[in-house]
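> To start, I am sharing the structure in question, which I have written as structure tokens.
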Amino acid sequence: MSSSDQAHLNGAYYGPSIPPPSKKSRSYNRHGRGGGSCNPLSWCCSCLCGCVFNLIFQIIITIVVLLGIAVLVFWLIFRPNAPKFHVNEATLTQFNLSSDNNTLYYNLRVNMTFRNPNKRIGIYYDRIEANAEYHGKRFASRNLDGFYLGHKRENNLGTEFIGEQVVVLGDDRSDYDKERNDGVYNIDLKLRLRLRLKVGWAKPKFKPKFECELKVPMTTGGRVSSPGFQRTKCDFDW
């Protein structure tokens, strides 16, 4: 390369001016080339939210574990059993359904036994609502007197349903005719309860129910249709 060429290259540049870098390129140089930056405020918020959620989760797990331990200890100490209920006797002296206005004339008497099978838990029967139903239709209701049932105790209680009620059976009318011919009626006795359990100083409240499917024979002139009534154990539902 000649000395004239070198002089030309080392001389001043008199061409058009070079424009300054745009904002986009400056932003790229500032953020992209450095691999990104972190906003301290956003980082603090994310860290705080994570700590709060973690704390809430730990509290929930702790509560669940403590409740499980409490239930286990309660069961080991008291060994709770559901109350027992039987219908010992049911007498039906009238159960006539008129064909013209669907009026049911009834006379039903029942004798029941409440039993507390628990050794360390007492039961307060604060309210007892007894409902008599026929094919899902309620035809009578009675409120019975409440009582307290101590450990391993039982109480006999009797009641009666007497009166008349409009009962529309529809397609079940043929079932009624068949049962009338057989002399045995399928009647459901349902008890809605309001009770308290006496567990030491605590008295938790519950609203369970008993459900009994009874086969009640008709009694005519002092004679009971065969077979007679069989003592029935009722289902308990919390």
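Rule-based calculations on the coordinates, nothing more; no lab input. What you see is a predicted model, and the numbers here were worked out from it, not measured in a lab. Here the Cβ is made from the backbone with ideal geometry for all residues, glycine too, and neighbour counts use every protein chain on show.
> Order 92-103, 54-65 from most to least packed using the mean count of other Cβ atoms within 10 Å. Don't jump to the answer; show the numbers that get you there.
Values: 92-103: 13.5, 54-65: 10.0.
Listed from highest to lowest mean packing, they are 92-103, 54-65.
> Through the Karplus equation 6.51 cos²θ - 1.76 cosθ + 1.60, θ set to phi - 60°, convert the phi angles of the range 114-126 into ³J(HN,Hα) values in whole Hz; use x for Gly and Pro.
9, 10, 9, x, 7, 8, 10, 10, x, 10, 9, 8, 6
> How high is the FRET efficiency from Asp188 to Arg153, r the C-beta distance, R0 41 Å, rounded to 0.05?
Computed FRET efficiency for Asp188 and Arg153: 0.95.
> How large is ³J(HN,Hα), in whole Hz, for each residue of the range 90-105 in order, when computed from phi with the Karplus curve 6.51 cos²θ - 1.76 cosθ + 1.60 and θ = phi - 60°, using x for Gly and Pro?
9, 10, 10, 9, 8, 7, 10, 10, 5, 8, 8, 10, 6, 8, 9, 9
> HN-Hα J couplings of the range 200-210 from phi, Karplus 6.51/-1.76/1.60, θ = phi - 60°, integer Hz, Gly and Pro as x?
In residue order, the calculated couplings are x, 8, 8, 9, x, 9, 9, 10, x, 7, 10 Hz.
> Given H placed on each backbone N at 1.01 Å, which residues far from Phe229 in sequence or on other chains put an amide H within less than 5 Å of it?
Sorted by chain and number, the residues that satisfy this come to none at all.
> Lysines within cross-link reach of Lys119: Cα-Cα under 18 Å, excluding same-chain residues under 8 positions apart?
In chain and number order, the partners are Lys84, Lys152, Lys198, Lys203.
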